Amino acid sequence: MLSISHTTRPMRPGDEDSLDYHFVSVDTFHDMVGQQLFLEHAEVFEHYYGTSRSAVLETINNGQDVVLEIDWQGARQIRQMFVEAVSIYILPPSMSELERRLFDRNQDSETVIVRRMEQAKAEMLHFHEFDYTVINDNFEQALSELQAIVVAHRQKTAQQVQIRQKLLAELTQSS
């Protein structure tokens, strides 16, 4: 399941509250930080973003995987709390392609895009902190690689022991 972050950034054309993000005011966001309602939070491109603690923990407790679409700052916070978390950094195939994609999505002003491009290299320097790196050159290929990472992680012995305790006990018990 994809976690829906809270943000203070304004809605863009086509955004839907509670579907794309939970859009909140800066004051509300700071109140939520004070109440420790976020697992992680960060300021990114002059806006605040945070991941709901209760929504993520509820999903995990229901035995489902949770995908957090967060920056390196948030990922660092998550890895400190959940050592078993799997982190994947998605990189563009080139800086020129990243710039083209930002312009083509037609959601930000040229000023915002220029500022994002200036910060992009500094952000990308953190890719080495992640367990996996996927280059998003071809969307279908990148999606396939992401799915392969999730499937491989689910097959780790520790994961299988957790989700298949009864079967593994039956298969390995002495007669």
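The values are calculated or read from the model by the stated rules, or taken from the named source; none is laboratory data. For clarity, every value in this text was computed on a predicted model and none was experimentally measured. All Cβ positions, glycine included, derive from the backbone under ideal geometry; neighbour counts span all protein chains shown.
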Any idea which of His30, His22 is within 17 Å of the chain's Cα centre (by Cα) and either loosely packed, with under 12 Cβ neighbours inside 10 Å or at pLDDT 95 or above (or both)?
His22
Extreme residue, farthest from the chain's Cα centre (by Cα), among residues of the stretch 52-66 that are surrounded by 12 or more Cβ atoms within 10 Å (Cβ to Cβ) and either not assigned by TED's automatic domain parsing to the domain that holds Thr7 or not in a loop (DSSP other than H, G, I, E, B) (or both)
Glu58
The lone condition Ile78 fails out of (1) within 24 Å of Leu143 (Cβ to Cβ); (2) loosely packed, with under 13 Cβ neighbours inside 10 Å is (2)
Answer yes or no as to whether Ala85 is within 12 Å of the chain's Cα centre (by Cα), over 26 Å from Gln107 (Cβ atoms) and surrounded by 11 or more Cβ atoms within 10 Å (Cβ to Cβ).
yes
Matching residues in the stretch 129-175 - criterion: being outside any helix (DSSP H, G or I) and β-branched (Val, Ile, Thr)
Thr133, Val134, Ile135
If we scan the stretch 151-168, do we find a residue that is touching a Phe, Trp or Tyr at 6+ places or on another chain (Cβ under 6 Å) and of a type outside the set (Phe, Trp, Tyr)?
no
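Quick grid of which residues meet (1) surrounded by 12 or more Cβ atoms within 10 Å (Cβ to Cβ); (2) farther than 19 Å from Arg79 by Cβ; (3) outside the structural domain of Gly74 (by TED's automatic domain parsing); (4) small (Gly, Ala, Ser):
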site: His128; (1), (2), (3), (4): no, no, yes, no
site: Leu146; (1), (2), (3), (4): yes, no, yes, no
site: Gln159; (1), (2), (3), (4): yes, no, yes, no
site: Gln165; (1), (2), (3), (4): no, yes, yes, no
site: Ala169; (1), (2), (3), (4): no, yes, yes, yes
Within the stretch 67-107, take every residue that is in a loop (DSSP other than H, G, I, E, B) and touching a Ser or Thr at 6+ places or on another chain (Cβ under 9 Å) and give me the one that is nearest to Glu43 (Cα to Cα).
Ile70
Could you please tell me which pairs satisfy a Cβ distance under 9 Å, a separation of 6+ or placement on different chains, a first residue in the stretch 110-132 that is over 17 Å from His47 (Cβ atoms), and a second residue that is of a type in the set (S, T, N, Q) and not in a helix (DSSP H, G or I)?
Phe127/Thr133; Glu129/Ser87; Phe130/Ser87; Asp131/Ser87; Tyr132/Ser87
Hey, Ala120 among the aliphatic types (A, V, I, L, M), modelled with pLDDT of 95 or more and either surrounded by 11 or more Cβ atoms within 10 Å (Cβ to Cβ) or part of a loop (DSSP other than H, G, I, E, B) (or both) or not:
no
